[in-house]
Amino acid sequence: MHSINQCVANLVSNFWQIRSLVVLGLFCMLAGCSSAPPPIAEDLTSNWQPETVPAQVYLIPNGKEALAHRIAAVRNAKSYVLLEYFTWDHDLSGAYLYRELRMAADRGVKVKLVLDDLLEFNDMWLRTLAAHQNIEIRIFNPFEARQLGWFSRMFDFQIHKNKRNHRLHEKLLLVDGDLMITGGRNIGDSYFEYSKKANFFDLDLLVKGAVLAAFEKNFNQLFQSGSAVDVQTLVGKPRAEERDYFLAGFTKLANKYPLQLAAIAGSVLTIAEPEYTSVEATALFDSLNKLEDKQPYHRERLSKTIQQKHKQIGQLVISTPYLLPKAVGESDIQRFKQSGAEVTAITAGKTGSDSAFVGAYYSPYRKQLLQQDVKLYEFAPDKEKGHAKHYYHVKALVVNKQCSYVGSSNFDPRSDHLNLEFGLYLCGEGFAEQLEDYLFQDRDTHLWQLGLTEKGETIWQQGKQQRIKASGSKISDAIYRSLGLVYDL
């Protein structure tokens, strides 16, 4: 996820170094130190019980197919399409899917979209799309300052920090109550492996079955809440001369990237028929009360589900781009280790993370995890194998090689206490095996296994390659950590 701080880091990277320091200093002055989350309420899950129903799931094997399945699902829609995303990039992939939704609306399909406001800067696309009688777009927790980009939003954030710090991190496309696509991917070239600069290694599922009813109910609660504001209430309706603004934008992108346009169109025609695996599925959601009390509803419900499904945890695989063990995961990992579990963690290395901030806060705890006998892997693909950078973005668990979790939640304080998150707990050995194979599919080229030397130094190993020095700068890491932003990342 791109947090407030990551977005500032991305903005800063576009300036000369001296300007970067000025902007970063301004942000730190505005944001200040983050405050620790409140204690977890003892009765947080006392009135909640997991509901398990049969489902069928298909693990989408790559980013290009993930976009193709979304397009195909929208084209097959007969009644309605529900969508919610943290970010929807205004590149060709994003425009292509928006165009498919508009064409579905032309056929009479009702389209409802909830979009987080943190990275949404092109209100004109949204206001012209929302002018369609069959399209409703709502913005989650919108900024009041909608001009001047990041600078005005930083001041807005400072004034309304307790409210603005809550973001919508759920990712969903649900069609006719029949088919759902969910997982870690947002919408954009970088999530579907079309970017020439940087792509995410991520995970999505196609899901069918009775469990979709719970996700539709969760969507409707969010859509009807006061936290989701109609985009036309925010920015008004388009004038007559603006009604073709989105289509003009799509045409411009299509003309600029004809090869990508052809690749996307071709991918929809050639996707293989999904081979579904039967599982027992439990839907896990946050409560909208989290926007007021900052309680970790989703994480505690996941923990309760795991406890009820398993008398003993023998093996646990954790996959997360953001692993902040001292901030949130230390006690959980220690508890599993103390009970005799073999714990494996896969996370982003410094070069495999889209956030310099998170990498800085994570790096001091590598040795601590290794001393706890955690098998630790970091994602850092060989740069020679492609022109684009690759970042790790998979949020998943595999428990006892029998059950698994796939969802939107990172294993960090922001996901626990600030973001709205959801996911699926899936029991079925066949799927758990598929997921674990997916996580380790490029072990020899994309994952480095960490260990300790006899002198207690951290060592990275990948095949015959070894190195002791971590990538990245200790000085910049120390500066990031000194800002005291760990609970806001």
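Overview of results
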| quantity | calculated |
| --- | --- |
| Selection count where residues are more than 18 Å from residue 236 (Cβ to Cβ) and touching a Leu at 6+ places or on another chain (Cβ under 7 Å), scope region 142-154 | 2 |
| Filter result for residue 257 (under 20 Å from residue 406 (Cβ atoms), aromatic (Phe, Trp, Tyr) and in contact (Cβ under 8 Å) with a residue 40 or more places away in the chain) | no |
| Per-region count, region 234-254, residues without any contact (Cβ under 8 Å) to a residue 24 or more places away in the chain and in a loop (DSSP other than H, G, I, E, B) | 1 |
| Only one of 270, 305 that is at pLDDT 95 or above and over 24 Å from the mean Cα position of the chain (by Cα) | 270 |
| Residue check for residue 288: in contact with a strand residue (DSSP E or B) (Cβ under 8 Å, 6 or more places away or on another chain) and not in a strand (DSSP E or B) | yes |
| Strands (runs of 3 or more DSSP E) contained in region 385-489 and holding at least 2 residues under 25 Å from the mean Cα position of the chain (by Cα) and modelled with pLDDT of 85 or more | 389-392, 396-399, 403-407, 422-427, 447-452 |
| Residue check, residue 113 more than 18 Å from the chain's Cα centre (by Cα) and at pLDDT 95 or above | no |
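Yes/no per residue for (1) under 26 Å from residue 68 (Cα atoms); (2) charged (D, E, K, R); (3) surrounded by fewer than 17 Cβ atoms within 10 Å (Cβ to Cβ):
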| position | (1), (2), (3) |
| --- | --- |
| 110 | yes, yes, yes |
| 143 | no, no, no |
| 168 | yes, no, no |
| 174 | yes, no, no |
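The values are calculated or read from the model by the stated rules, or taken from the named source; none is laboratory data. This one's a predicted model, so the numbers in the text were calculated from it and none came from an experiment. Because the Cβ atoms are built from the backbone with ideal geometry, glycine has one as well, and the counts that use them run over all protein chains shown.
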